[in-house]
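The values are calculated or read from the model by the stated rules, or taken from the named source; none is laboratory data. These numbers were taken from a predicted model, which means no experiment stands behind them. For neighbour counting, all protein chains shown are included, and Cβ atoms are generated from backbone atoms with ideal geometry for every residue, glycine included. Surface accessibility is based on the protein's heavy atoms, side chains included, excluding ligands, DNA and RNA. Shrake-Rupley method; radii C 1.70, N 1.55, O 1.52, S 1.80 Å.
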Amino acid sequence: MNKVILAGRLVRDAELGFIGSTGTPKMTFTLAVERNYQKDKNNKKVDFINCEMLGQHTEKLCQYVTKGKSILVEGELNIEQ
């Protein structure tokens, strides 16, 4: 099973695009996720996670995914090199 749940803030507004010949909507955005455990409370550690969303609701949702908003993302993790 490959499932991940992330909570964080949006770094910038989402970008809407479409996949090649299929025309499937694709939304991309970057999520800033603060680490829970930190030895030094003054220097918080943050991970920046690049995310993609595909599907029929993507176009409507894109207008609400704007910089600074706090969101929760659930999906699968794919690491491409």
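See the values below:
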quantity: Any hit, region 29-37, residues being touching a Lys or Arg at 6+ places or on another chain (Cβ under 6 Å) and either open to solvent by less than 70 Å² (accessible area, probe 1.4 Å) or of a type in the set (Gly, Ala, Ser) (or both); calculated: yes
quantity: Strands (runs of 3 or more DSSP E) wholly inside the chain that include at least 2 residues being small (Gly, Ala, Ser); calculated: 4-10, 70-75
quantity: Of the criteria (1) surrounded by 10 or more Cβ atoms within 10 Å (Cβ to Cβ); (2) without any contact (Cβ under 8 Å) to a residue 60 or more places away in the chain; (3) not acidic (Asp, Glu), which one Ile71 fails; calculated: (2)
quantity: Index of the failed condition, Gly8 passing every other in (1) in contact with an Asp or Glu (Cβ under 6 Å, 6 or more places away or on another chain); (2) over 17 Å from Glu80 (Cβ atoms); calculated: (1)
